[in-house]
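Read the structure below first, then the notes.
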Amino acid sequence: MGVPERPTLLLSVTFLLLSLGLPVLGAPPRLICDSRVLERYILEAKEAENTTMGCAEGPRFSENFTVPDTKVNFYAWKTMEVEEQAVEVWQGLSLLFEAILRAQALLANSSQPSEMLQLHVDKAISGLRSLTSLLRVLGAQKEAISPPDATPPAPLRTFTVDTFCKLFRIYSNFLRGKLKLYTGEACRRGDR
């Protein structure tokens, strides 16, 4: 068995450090622009979605969690400035992070928490932290900087979920949709 190639080894070490929430010195500054990086987080989200779908909706939360609407109007998205897209992605990630943290708290207080569900919740929290770090390196701003006379952006569309199945479906769809669209555009613009 041979030694892994250097790029693969660097990528593996970087993933490990990012999943721990540690800064990665010497990592490529635009790691999120490598499609394999985002695909790794999308795969984890899809695995969580698939696992919870097998639970036939599973137990309901004692309260509803607000999550971002993952539907994308492609015409409107393409006409948005990349800074506006960034704001929408940050708001969505923030809502998802808050919802998944609340779900984690519910699991912790559960009389018989599912180990598999706990694993996916922990991975989602770690993944969201890593994605946040990667987006910061990309230069994405949490708030759009607009001229004082500009009209404020439309508020983020949201809805509520009441099960782990629905929460992980939204998480997976958000990463595959808005996050992937935004990073693709931001990386293309950064290459110009």
Share of accessible surface on carbon and sulfur in the stretch 30-191, whole %, 1.4 Å probe and ligands ignored, is 53 percent
Sorting SER62, SER94, SER126 on solvent-accessible surface, 1.4 Å probe, most exposed first, gives SER62, SER94, SER126
For the stretch 30-191, the count of lysine pairs 8 or more apart or interchain whose alpha-carbon atoms are under 22 Å apart comes to 19
For the stretch 30-191, the Debye formula with one identical point scatterer on each Cα and no solvent gives log10 I(q)/I(0) at q = 0.10, 0.20, 0.21 Å⁻¹ as -0.37, -1.29, -1.40
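Would you rank LEU119, LEU156 by solvent-accessible area, highest first, keeping every protein chain in place and using a 1.4 Å probe? Working shown, then result.
Working: LEU119 80, LEU156 30 Å².
Reading off the accessible areas and sorting them downward yields LEU119, LEU156.
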Each label sits 7 Å from Cα toward the beta-carbon; between ALA105 and GLN118 the label points are separated, in nm, by 1.9 nm
For ASP162, the accessible surface traced by a 1.4 Å probe with all protein chains present amounts, in square angstrom to the nearest 10, to 30 Å²
So, with points 7 Å from each Cα along the Cβ direction, the ALA76-ARG136 label distance in nm works out to 3.0 nm
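The values are calculated or read from the model by the stated rules, or taken from the named source; none is laboratory data. All values derive from a computational prediction rather than experimental measurement. Every residue, glycine among them, receives a Cβ derived from its backbone with ideal geometry; neighbour counts consider all protein chains shown. Quick note on the areas: whole protein, heavy atoms, side chains included, nothing else; ligands and nucleic acids left out. Shrake-Rupley method; radii C 1.70, N 1.55, O 1.52, S 1.80 Å.
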